Amino acid sequence: MGTTTLSESRSRMGTAVAERRTELRRRTFEMIDDEEEDEELTAREELAKFGNENDRRDMARMGKIQEMRRNFKSLTVLGFCAILMCSWESLLSTASLALTNGGSAGLIYTWLIAWAGFNAVYASMAEMASVAPTTGGQYHWVSEFAPPGYQAFLSYVVGWLGVLGWQTLVTSIAFQAGTEIQGLLALNYDEYVPLRWHGTLLVIAVVAFALVFNTLLASRLNLVEGAILVVHVFGFFCVLVPLWVLAPRTPGRVVWTQFHDGGGWGNVGLSTLIGLITSVLPLLGADASVHMAEEVQDAARTLPRSMMWSINLNGLMGWLTAITFCYCIGDLDQVLQTRTGYPFIQVIFNVTQSYPATNFLTSIVLLMATFSCVTIMASASRQLFAFARDRGLPCSAWLARVHPKLGVPVNAVVLSAAISVLLSLINIGSTVAFSSLVSLGSGTLMISYIVCIGCFAWRRWCGGHVKGAPAIPAAPFSLGAWGLPVNAVAVSFLLLVFVVAFFPASPLPNLNAASMNWSSVILTVVVVWAMAYYFIWSRHVYEGPVKFVKRAAEDELDWGASQQSRTL
């Protein structure tokens, strides 16, 4: 009995020891797993905050400090670009100008021209973005790649034009969304009379929505962009499939060969050329991802891909939309005179003969325009922040602050929203003045594109052969031997668009103060003011981003020399 008890006791002790060892092993493995999880979380946090090694190297080369979180990845930044361009939705909203000047055939063929031209433009800018992935974008590239004697002045003017262009684009897309709401009200309620102040209040509401998203919800902006990209693609089919199935067909001969000179220019070719601007506006903005460069992971590789994918995705959807719209438009004069103000709303109603269906399909376009305003405000505020960081604006220190908790330049976002609200108030007094001001955005961006691509082509040709102009740094995305031809095509296309952008919708004798395109006058005033401001004050404080690049290079050389001397 005693022997049995002793063996049982030993057995129990052995079992307890084994269990204890097993528990120690389990806890050890849990500790190891916890450490690995902590290390993985730390690595993810480091990646979201500072980016990968390439991002850190690029920021160091440009002499910039990482202040914002890099939340955007390949898919979300593609969504950002695609939603900002809002191509097929914007084409539906602006098609009336092309249908008046050029007709259905003019719209289809000018879209192809604009699509091909912008491929050259964005390929050129994608290479620059790969070399210098910075929020500053065009004005930074001009500062870095322009001839040494003109770097500060040219980059300063381009910086001001970029700021002006993006600020007016915020108001323009908000106005589009607001007036689309008025169009639906006019369709559903015969007694409703659209007034200018109604539209202005709706513009302010859209801007306020964009402001909230870009401040309080800024940390979730990347996730929202990915979700809205799905709406952008599937909404395309939701809107077009009913037209494909239900609409009566316009003969193919009319759609593909019939041009229209509704503007009274007396020349179908010139009229079609003026209608080109309808195809240009929806394809503007693929460079918007550049202004988010310091919030994108592996920016030097991600930005070029997102720009080229977005221009071609939007270009294809826009072209299919143009063809569908022209086949389904029906009576052109009746559609152009619709009381909704938007021919596409009238076309959808004519096809479906249903108010709920028209409201639903138009709401998809309206939703995309609203979120396009969100993304444009994000780009505009980052451009404002970057230019202020380089001391190019009044109150630069205030505008260049990044909120410590939200991780975004809140002051720049608020100022962008305030400017948009103030610009929208002009519509109450004069729609002509408002339209001229907001249409200025395309012209100013054209100039900034022309100057930065021209400077890049000069550096490509002269780099390494001219004093003060080193060769272009190696980058993950490069056009190689095709660089100069692509740059030349891009500049030629942009020059054409720049001239066309300032034409009025109709010539004399129909031209009057109301139909005149005053944006050329406003642009001249802005450029003269920027130049005067530069020579009076800014030239004493604004050095241009290239100075930070040079200082970073000098510091690296000094550090290398000191390390070598220590070794010796």
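The values are calculated or read from the model by the stated rules, or taken from the named source; none is laboratory data. Only a predicted model underlies this, so the values are computations on that prediction, with no experimental measurement involved. Backbone-built Cβ (ideal geometry, glycine too); neighbour counts: all protein chains shown. Protein only, heavy atoms only, side chains kept; ligands, DNA and RNA dropped before computing areas. Shrake-Rupley method; radii C 1.70, N 1.55, O 1.52, S 1.80 Å.
Data table
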| read-out | value |
| --- | --- |
| Residue identified as open to solvent by less than 10 Å² (accessible area, probe 1.4 Å) and not polar (S, T, N, Q) among CYS373, CYS395 | CYS373 |
| Residue count, the stretch 246-271 (criterion: surrounded by fewer than 13 Cβ atoms within 10 Å (Cβ to Cβ) and over 33 Å from the mean Cα position of the chain (by Cα)) | 8 |
| Pairs where the first residue, in the stretch 202-224, is more than 12 Å from ALA417 (Cβ to Cβ) and the second is charged (D, E, K, R) and open to solvent by 30 Å² or more (accessible area, probe 1.4 Å), C-beta under 9 Å, 6+ apart | SER219/ARG69; ASN222/LYS73 |
| Qualifying positions in the stretch 356-370 - over 15 Å from ILE181 (Cβ atoms) and touching a helix residue (DSSP H, G or I) at 6+ places or on another chain (Cβ under 8 Å) | ALA357 |
| Verdict on ILE364 being open to solvent by 10 Å² or more (accessible area, probe 1.4 Å) and assigned to a helix (DSSP H, G or I) | yes |
| The one condition in (1) at positive phi; (2) in contact with a helix residue (DSSP H, G or I) (Cβ under 7 Å, 6 or more places away or on another chain) that GLY103 fails to fulfil | (2) |
| Residue in the stretch 313-333 that is modelled with pLDDT of 90 or more, open to solvent by 20 Å² or more (accessible area, probe 1.4 Å), in contact with a helix residue (DSSP H, G or I) (Cβ under 9 Å, 6 or more places away or on another chain) and more than 24 Å from LEU281 (Cα to Cα) present | no |
| Check on VAL527, crowded, with 17+ Cβ neighbours inside 10 Å, within 26 Å of the chain's Cα centre (by Cα) and among the hydrophobic types (A, V, I, L, M, F, W, C) | no |
| Pairs where the first residue, in the stretch 361-375, is at positive phi and the second is open to solvent by 10 Å² or more (accessible area, probe 1.4 Å), C-beta under 8 Å, 6+ apart | none |
| Filter result for the condition that a residue is touching a Gly at 6+ places or on another chain (Cβ under 8 Å), open to solvent by less than 10 Å² (accessible area, probe 1.4 Å), within 30 Å of ASN517 (Cα to Cα) and among the polar types (S, T, N, Q), over THR100, THR168, THR179 | THR168 |
| Condition met for VAL131 (touching a Pro at 6+ places or on another chain (Cβ under 8 Å) and either of a type in the set (Lys, Arg) or under 30 Å from SER478 (Cβ atoms) (or both)) | yes |
| Test: residue in the stretch 227-245 that is assigned to a helix (DSSP H, G or I), surrounded by 24 or more Cβ atoms within 10 Å (Cβ to Cβ) and under 20 Å from the mean Cα position of the chain (by Cα) | yes |
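One line per residue, one yes/no per condition, for (1) touching a helix residue (DSSP H, G or I) at 6+ places or on another chain (Cβ under 7 Å); (2) part of a helix (DSSP H, G or I); (3) open to solvent by less than 50 Å² (accessible area, probe 1.4 Å):
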residue: PHE385; (1), (2), (3): yes, yes, yes
residue: PRO404; (1), (2), (3): no, no, no
residue: ILE426; (1), (2), (3): yes, yes, no
residue: ALA433; (1), (2), (3): yes, yes, yes
residue: THR444; (1), (2), (3): yes, yes, yes
